[in-house]
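A.B. asks: Here you go, one structure.
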Amino acid sequence: MKKTYVTQPSLPDLEEFVPYLERIWESKNLTNNGDFHKEFERMLAECLGVKYVSLFCNGTIALLTGLRALEIEGEVISTPFTFVATTHAIKWAGLTPVFCDIDPITYNINPDKIEELITEKTKAIMPVHVYGNPCDIDRIQQIADKYNLKVFYDAAHAFGVKIRNTSICNFGDLSMLSFHATKIFNTFEGGALVTDNYELKQKIDKLKNFAFEDEVTISGLGINGKMNEFQAALGLLQLKYIKNNIKKNKSISKYYREELKSVPGIMFLKENEDVEYNYSYFPILINKNEYGLSRDDLYYKLTENNIFARRYFFPLISNLKLYQDYQSAQKKLLPVSNRISEQVLCLPIYPDLERETQNRIIKIVKEY
């Protein structure tokens with residue numbers, strides 16, 4: 001039986017990519033702000049409807065560089081319900097992550113819980129648009145303005161997402177996008193920082209290239225975060241297909257909802273009318289008392305049938321040994337995060353997911 005994974009990278013036909021490779025071979029310019037890099041940066045900003053984009057080799061390095069560019073020190077309030085890269089970047093940057101519980105409806109950081117975590121050491125809030133579902137951007141900004149904090153959004157899941165007809169990346173001081181192979185938009189690996197501040201964009205561009213000012217001058221502690229020409233070339237090509245891929249994922253998501261809505265104990269994320277989603281994830285929440293099996297029971301049943309769903313996000317970041325000693329990591333302070341982490345399961349979704357395979361997944365969920 002064919003294995004089906006939670007996602008599968010979307011790629012153009014190889015023949016379509018070959019002319020791009022030939023141009024790279026001819027130019028012998030493989031990295032360091034080449035022609036494809038410049039063009040992709042421009043076209044990406046236009047596609048997303050944002051002012052400035054700075055491309056990176058991956059999203060994690062983008063997070064690290066963004067924290068340094070914003071000159072953040074001390075404590076950063078974030079969510080434990082995320083991929084490890086979010087919190088790891090905070091710690092790698094020499095900062096202290098402070099875990100805030102999540103909203104039970106959106107699974108995003110709960111604005112009602114943020115203020116009680118703010119101390120004289122707090123310098124920033126790093127919310128995550130989990131599954132591409134927008135955070136409460138207005139409330140978060142009000143809190144940030146009140147306490148003079150930076151807002152740096154982890155928008156790794158949110159490529160192309162819009163709220164009130166504008167890109168989700170147009171909010172906060174910075175937003176990070178990931179173009180990892182598992183994302184709805186990929187450049188093999190890759191990422192970007194998005195800002196509306198030109199001076200900040202220039203600062204970021206220097207920092208991601210070792211902080212070189214010129215051939216002999218280094219202005220600060222930079223890093224090598226540059227996106228290479230192969231990634232940029234693929235990104236340019238992928239832009240041609242992103243709208244159609246999102247459309248396909250939307251159809252798959254809608255079918256899941258229709259087929260599973262009557263199953264007791266299965267719940268979905270609420271969709272809001274003012275949001276244009278990218279449908280890159282399909283999380284379900286499993287209530288064992290109503291469904292009859294736990295999340296893990298269903299996870300292993302699917303695995304036995306070569307369906308590899310994912311428990312995004314489990315284990316909870318705050319429960320990892322690396323972070324357990326933090327005051328804010330106590331389970332009693334994060335009841336919603338811990339509950340959702342034990343109940344959530346992301347079902348396979350990607351543009352080329354066949355209806356036959358989707359029906360097999362749905363059948364297994366219904367059977368058990």
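A.B. asks: Among the residues of region 229-246, are any in a loop (DSSP other than H, G, I, E, B) and surrounded by 14 or more Cβ atoms within 10 Å (Cβ to Cβ)?
C.D. replies: Step one: filter region 229-246 for residues in a loop (DSSP other than H, G, I, E, B), giving 239-241.
Right, trim to surrounded by 14 or more Cβ atoms within 10 Å (Cβ to Cβ) and you get 239, 241.
Within region 229-246, one or more residues are in a loop (DSSP other than H, G, I, E, B) and surrounded by 14 or more Cβ atoms within 10 Å (Cβ to Cβ).
A.B. asks: Quick check on region 281-297. Is at least one of its residues on the phi > 0 side of the Ramachandran plot and hydroxyl-bearing (Ser, Thr, Tyr)? Break it down stepwise before answering.
C.D. replies: The first filter runs over region 281-297 and keeps only residues on the phi > 0 side of the Ramachandran plot, leaving 292.
Checking the rest, the ones that are also hydroxyl-bearing (Ser, Thr, Tyr) come to none.
Within region 281-297 (the criterion being on the phi > 0 side of the Ramachandran plot and hydroxyl-bearing (Ser, Thr, Tyr)), the answer is no, since none of the residues qualifies.
A.B. asks: Does region 44-55 hold any residues that are in contact with a Phe, Trp or Tyr (Cβ under 7 Å, 6 or more places away or on another chain) and open to solvent by less than 40 Å² (accessible area, probe 1.4 Å), and which are they?
C.D. replies: Ala45, Leu55
Conditions (1) crowded, with 22+ Cβ neighbours inside 10 Å; (2) touching a strand residue (DSSP E or B) at 6+ places or on another chain (Cβ under 6 Å); (3) β-branched (Val, Ile, Thr); (4) in a loop (DSSP other than H, G, I, E, B), marked per residue:
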| residue | (1), (2), (3), (4) |
| --- | --- |
| Pro134 | yes, yes, no, yes |
| Gln142 | no, no, no, no |
| Tyr153 | yes, yes, no, no |
| Ala158 | yes, no, no, yes |
| Cys169 | yes, yes, no, no |
| His180 | no, no, no, yes |
| Leu193 | yes, yes, no, no |
| Glu199 | no, no, no, no |
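A.B. asks: Sort out which residues of region 311-368 are open to solvent by 70 Å² or more (accessible area, probe 1.4 Å), assigned to a loop (DSSP other than H, G, I, E, B) and either among the aliphatic types (A, V, I, L, M) or closer than 21 Å to Met267 by Cα (or both), and write them in order of number.
C.D. replies: Selection gives Phe314, Leu322, Tyr368.
A.B. asks: Going through Asn278, Asn306 one at a time, which residue ends up being touching a Lys or Arg at 6+ places or on another chain (Cβ under 6 Å) and polar (S, T, N, Q)?
C.D. replies: The unique qualifying residue is Asn306.
A.B. asks: Return the residue satisfying two criteria in turn: it lies in region 13-43 and is touching a residue at least 12 places away in the same chain (Cβ under 8 Å) and within 18 Å of Leu200 (Cα to Cα), and of such residues it is least open to solvent (accessible area, probe 1.4 Å).
C.D. replies: Glu41
A.B. asks: Moving on. Does region 75-98 contain any residue that is of a type outside the set (Lys, Arg), touching a residue at least 40 places away in the same chain (Cβ under 8 Å) and more than 30 Å from Val344 (Cα to Cα)?
C.D. replies: no
A.B. asks: Within region 203-220, work out how many residues are in a loop (DSSP other than H, G, I, E, B), of a type in the set (Val, Ile, Thr) and either closer than 15 Å to Val53 by Cβ or open to solvent by 60 Å² or more (accessible area, probe 1.4 Å) (or both).
C.D. replies: The qualifying residues number 1.
A.B. asks: Something else: In region 255-281, which residue that is part of a helix (DSSP H, G or I) and more than 24 Å from the chain's Cα centre (by Cα) is surrounded by the fewest Cβ atoms within 10 Å (Cβ to Cβ)?
C.D. replies: Here the answer is Glu258.
A.B. asks: I'd like the full set of residues that are among the aromatic types (Phe, Trp, Tyr), closer than 21 Å to Ile105 by Cα and either open to solvent by 40 Å² or more (accessible area, probe 1.4 Å) or in a strand (DSSP E or B) (or both), limited to region 282-304.
C.D. replies: Phe282
The values are calculated or read from the model by the stated rules, or taken from the named source; none is laboratory data. As the structure is a computational prediction, the values presented were derived from the model and not from experiment. Neighbour counts run over all protein chains shown; Cβ positions are idealised from the backbone, glycine included. Side chains are part of the model used for accessible areas, which takes the heavy atoms of the whole protein and leaves out ligands, DNA and RNA. Shrake-Rupley method; radii C 1.70, N 1.55, O 1.52, S 1.80 Å.
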